[in-house]
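What follows draws every value from the coordinates through simple rules; no lab data is involved. Just so it is clear, the model here is predicted, and its values are computed rather than measured. Here the Cβ positions follow ideal geometry from the backbone for every residue, glycine too, while neighbour counts run over all protein chains shown.
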């Protein structure tokens, strides 16, 4: 048995994936177990026969019972009478599965009992190994005052005993309700307690579809850390003692996507002749040393006839009413060498126009004037630019514009605006897929999946509840589905938490 290395580390990452699709939720608000969601299996575990009777559901909880007298025992006094429920549905891992439950032991509780939340893939082949992910509460830890929970993971062909590890959680009381969470992802398994990540393992990772189980039972001496010789079954029903493990709710979900879908064509201007874009005025693709990334860049400048003229590049993209969209990228004032700078009366901006199916305009949103490229924009440096909005009722499409605006009489040498790495995407309250958390003697390195249309903030906490900013406005990666890494000085004591969130 080992202690989870993450739980013992100097820093912890407090970050849970956000749900995108709820597969099952049960708050046990009825007067009995919902057999459209659950069934009652009857395995024999340790010294415990699971009962074939549905557990009590009342007052918003499901109460799993463990009796010291087993009325179904063939030999009176040889076993306990426990309880288990499991989902009817079997859930494949897919792009990820989240299992969350809020449970507790009902005190006073004797030693020698286990309450659990786990996933399990049953293989009927004799001697076959199986897939399983566990959170196990040991009643021995209540009496001993241990603030910990046992985690484990099994994968076919790994080991018979899995990879068990205790996660130490300061202040944890197993007789109070706690939220237990398993995040089963394609490349890792994560365990969270009350919203705090306590363990993350990259191997083994189960790959077979599994059901969700919760049970309450007494192990034998082979499970030595959970066994208590003082707890013994009784033959006489008059001597029966009943203990309870309560379940407040269970949720099974798919996590939010790791990336936002990209729908803009040729946003990096790598394709020749501005493929995918429509243009008016002086809008051209340039190549060579000018781009921010790659080989291509969009250059716009004034028309040399008439006042109040514009040069545009734009695309029309499908959009849905009520959805929130972001159009973002990078703009620059003038050439990369600091010449051809924007002069008074010249500016550049991003804009979204919402349209009906017949093409008529519903409304629009554009960057405020203070965020335009203009004469006051520092030259040579690429500036992050963004406009976002919610598509109004009736929207069938969004037209995204890059605009170079000239509002006084034209003249020579009025400057140019340059754009690169543009993106348009439907925003969401998606999860931040944390890739890694590294620590050395002087620094913390946090890496996560990011998106160019988003800014991020890194925060630190000494208790997992009160957060202070460490870094803000951290730019996303240059392309979707890639990672961003930030490094900050190592500070704090034995329990310093870090989290990454989207910066408003």
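Matching residues to (1) surrounded by fewer than 21 Cβ atoms within 10 Å (Cβ to Cβ); (2) over 17 Å from residue 385 (Cβ atoms):
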site	(1), (2)
279	yes, yes
286	yes, yes
289	yes, yes
294	yes, yes
301	no, yes
323	yes, yes
347	no, no
- With a cut-off of at least 1 residues that are more than 32 Å from the chain's Cα centre (by Cα), name the strands (runs of 3 or more DSSP E) lying wholly within region 350-408. 361-366, 397-406
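Rundown of residues vs (1) without any contact (Cβ under 8 Å) to a residue 12 or more places away in the chain; (2) touching a helix residue (DSSP H, G or I) at 6+ places or on another chain (Cβ under 6 Å); (3) part of a loop (DSSP other than H, G, I, E, B), yes/no style:
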{"position": "63", "(1), (2), (3)": "no, no, no"}
{"position": "69", "(1), (2), (3)": "no, yes, yes"}
{"position": "72", "(1), (2), (3)": "no, no, yes"}
{"position": "76", "(1), (2), (3)": "no, no, yes"}
{"position": "94", "(1), (2), (3)": "no, no, yes"}
{"position": "108", "(1), (2), (3)": "yes, no, yes"}
{"position": "115", "(1), (2), (3)": "no, no, no"}
{"position": "120", "(1), (2), (3)": "no, no, no"}
{"position": "132", "(1), (2), (3)": "no, no, no"}
- Query: In region 56-85, what count of residues is obtained for those that are surrounded by 21 or more Cβ atoms within 10 Å (Cβ to Cβ) and within 33 Å of the chain's Cα centre (by Cα)?
  - Reply: 6
